[in-house]
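A short worksheet on the structure shown next.
The values are calculated or read from the model by the stated rules, or taken from the named source; none is laboratory data. As the structure is a computational prediction, the values presented were derived from the model and not from experiment. Cβ coordinates were reconstructed from backbone atoms using ideal geometry, including for glycine residues, and neighbour counts include every protein chain displayed. Note: accessible area is taken over every heavy atom of the protein model, side chains too, but ligands, DNA and RNA are not part of it. Shrake-Rupley method; radii C 1.70, N 1.55, O 1.52, S 1.80 Å.
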Amino acid sequence: MTKSEALFERACRVIPGGVNSPVRAFGSIGGTPRMIRSADGTHMMDEDGNVYLDFVGSWGPMVLGHNHPEVREAVIRACEDGLSFGAATKREVEMAELICGSIPNIDMVRMVNSGTEAVMSAIRTARGFTGRDKIVKFMGCYHGHSDALLVQAGSGVMTAGIPDSAGVPRGCTADTLSAVYNDISSVERLFETFPDEIAAVIVEPVGANMGVVPPAPGFLESLRSLCTRYGAVLIFDEVITGFRLGFTGAQGYFGVDADLVTYGKIIGAGMPVGAYGGKREIMQKVAPVGPVYQAGTLSGNPVAMAAGIAQLTILKEHPEIYAELNEKGNWFYGEVKKLVSESGIAAQGTSCGSLGCIFFTSVPVCNYETAKTSDTAMYAKYFNYMLEHGIYLAPAQFEAMFLSAAHTKEELESVLEVMRGFFRGQ
Ligand code: KE4
């Protein structure tokens, strides 16, 4: 029995499914989750000493690679001042100024502790600002696990085959309307049906929780004009794309401004941080200055702020990182698409910048329905083949592969070689 197996057996006795987040359980690909002991740069090591080239990067935060020295030092220094005070601190001001001073349409921002909390708070703020109740989300998009949004969600919900979660009262989702990603007419129909009842439309500007599904040309722009026309708040859920596609995230990458934006992952550099922000007139609705209540004991935690400030500062001061990262992604995923299409296997690659994935279906994937045609058993075979060759991918079809600034061309070429081996063997 390996150490990972022994630890996972112990974990299953005291933690539901042995994990603190479902996707980590390897449920849809089989086998025992690797218990990770440490990570550095592009590699992770498990408790048995196996080393993996990592493409999960903690599901997005490790855009500079694991254990970046400047981030680590900032955290250690912050710890020496104390872990948490439950009081306002300088670092929270610095973090807020860093964001508001760099992203044109973010006038104010509130720190929370996760992407889920950021989205939940942004939805409440949009409802408080408009006085309306209904929200529109897209099938296959995942926005964390708050009740109202666990409707035809993506990510682990999709993998676990739970179309909706148990324990969510009908009342919590009665005002959640589902639209089809990349199908603007499905949104138009909802606005025509509920012209003055929709508080917000929330969208992943790049779908990354049904696998990677980029927005069709004009889709985000059309959402923007529909929300403007009907007085609804457009929320970009940038928990994954924020500070990844560029310092100004998907807003800058696609040239479309949302009214509220949610952040997570990269903003904390691996520490528990989420945030939501946007126009002053909307954010002024948030307590204590406005009537929309939202609070958190560890929101803006000084140690987490130190990590996030360190990582965001590096990214802001070195914009060339994004040019290199997006160019690297275009090249790498271009090669993936080529090798997959030449393989004769029913599969296709999709990507946007440093995000990408392989779907095992011949149906062109553009939304939840087409993503679901993917052969998840084939994905499991692919995942396990790559893992046996020391390459750690997302342990589920409906997730993303994350490149970081630390991944070298040599490493990526070695991955392509292993991929070719897999596809040749099918
Ligand atoms: P968290 O509450 O997990 O910090 O963020 C929720 C969330 C919100 N919005 C988007 C677009 C997200 O991708 C996420 C979380 N992403 C998943 C990965 N697909 C987290 C991994 C997990 O659930 O363990």
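Worth a mention:
- Annotation: for a label point projected 7 angstrom from Cα along Cα→Cβ of Glu327, residues of region 382-426 with backbone N closer than 20 Å are 403-414.
- Within the shell defined by Cβ-Cβ distances under 10 Å, the residues around Pro205 carry a net charge of -3, with Lys and Arg each +1 and Asp and Glu each -1.
- By DSSP, the beta bridges lying fully in region 69-317 are antiparallel in about 40 percent of cases.
- Evaluated with a Cβ-only charge set (Lys, Arg +1; Asp, Glu -1), region 69-317 carries a dipole of roughly 160 debye about its Cα centre, given to the nearest 20.
- Heavy-atom surface of region 69-317, accessible at 1.4 Å and reported per residue (Å²): 38
- Shape category assigned to region 385-426 from the gyration tensor of Cα positions, a/c cut at 1.5: oblate
- Sequence-ordered 3J(HN,Hα) estimates for region 272-277 from the Karplus curve with 6.51, -1.76 and 1.60 and θ = phi - 60° stand at x, 9, x, 7, 9, x Hz, glycine and proline given as x.
- Simple spin-label estimate for Ser362 and Lys409 in nanometres, 7 Å along Cα-Cβ: 3.6
- Near the amide H of Cys366, within less than 5 Å, lie the amide hydrogens of Ala371, all on another chain or at least 5 residues away, with H placed in the peptide plane.
- Nonlocal amide H pairs with Gly207, under 5 Å, H built at 1.01 Å: Val213
- Nearest-0.05 FRET efficiency for Glu9 and Val51, computed from C-beta distance (R0 22 Å): 0.45
- Note: relative contact order over the chain, using C-alpha pairs below 8 Å and six or more positions apart, is 22 percent.
- R0 of 30 Å, Cβ-Cβ distance Glu281-Leu83: FRET efficiency to nearest 0.05: 0.25
- Centre separation in Å (Cα based) which lies between region 340-384 and region 127-154: 26
- In sequence order, region 172-188 has phi-based couplings of 6, 10, 4, 9, 9, 9, 9, 10, 9, 4, 6, 10, 5, 5, 5, 7, 4 Hz under the Karplus curve 6.51 cos²θ - 1.76 cosθ + 1.60, θ = phi - 60°, and Gly or Pro positions carry x.
- Percent of alpha-carbon pairs separated by more than 27 Å within region 69-317: 33
- Helix-only mean residue ellipticity at 222 nm for the chain, each DSSP H run of n ≥ 4 adding -39500 (n - 2.57), per residue, nearest 500: -11500 deg cm²/dmol
- Taking the DSSP bridge list for the chain and keeping only pairs wholly inside it, about 60 percent are antiparallel.
- Projecting the Cα atoms of Pro302, Gly101, Gly264 onto the charge dipole of region 69-317, computed from C-beta unit charges around the Cα centre, puts Pro302 farthest toward the positive end.
- Taking Lys and Arg as +1 and Asp and Glu as -1, the other residues whose beta-carbon sits under 13 Å from that of Ala174 total -3.
- A straight chain from Arg72 to Lys338 at 0.36 nm per residue would run longer than the Cα-Cα distance by 91.9 nm.
- Rounded percent of accessible protein surface that carbon and sulfur make up, region 69-317, 1.4 Å probe: 55
- Taking amide H as placed 1.01 Å from N in the peptide plane, the amide H of Thr361 sits under 5 Å from that of Ala347, Gln348, Asp375, each at least 5 places away or on another chain.
- Estimated FRET transfer efficiency when R0 is 22 angstrom, pair Glu94-Tyr293 (beta carbons, to 0.05): 0.30
- Legend: residue pairs Lys137/Lys285; Lys3/Lys409; Lys285/Lys316; Lys279/Lys316; Lys90/Lys328; Lys90/Lys316, Cα-Cα distance threshold 25 Å; pairs beyond threshold, Lys3/Lys409; Lys285/Lys316; Lys90/Lys328.
- The largest-to-smallest principal axis extents of the Cα set in the chain are 58, 54, 46 Å.
- Point-to-point label distance, Ala216-Asp107, nm (Cα→Cβ direction, 7 Å offset): 3.5
- Think of the chain as having a plus end and a minus end, set by charges on the Cβ of Lys, Arg, Asp and Glu; of Ala39, Tyr52, Cys366, Cys366 sits farthest toward the positive end of this dipole.
- The distance from the alpha carbon centre of region 181-195 to that of region 1-71 is 40 Å, rounded to a whole number.
- In Hz, Karplus ³J(HN,Hα) per residue of region 216-233 (6.51, -1.76, 1.60; θ = phi - 60°; x = Gly, Pro): 5, x, x, 5, 5, 4, 5, 4, 4, 6, 5, 5, 4, 4, 9, x, 9, 7
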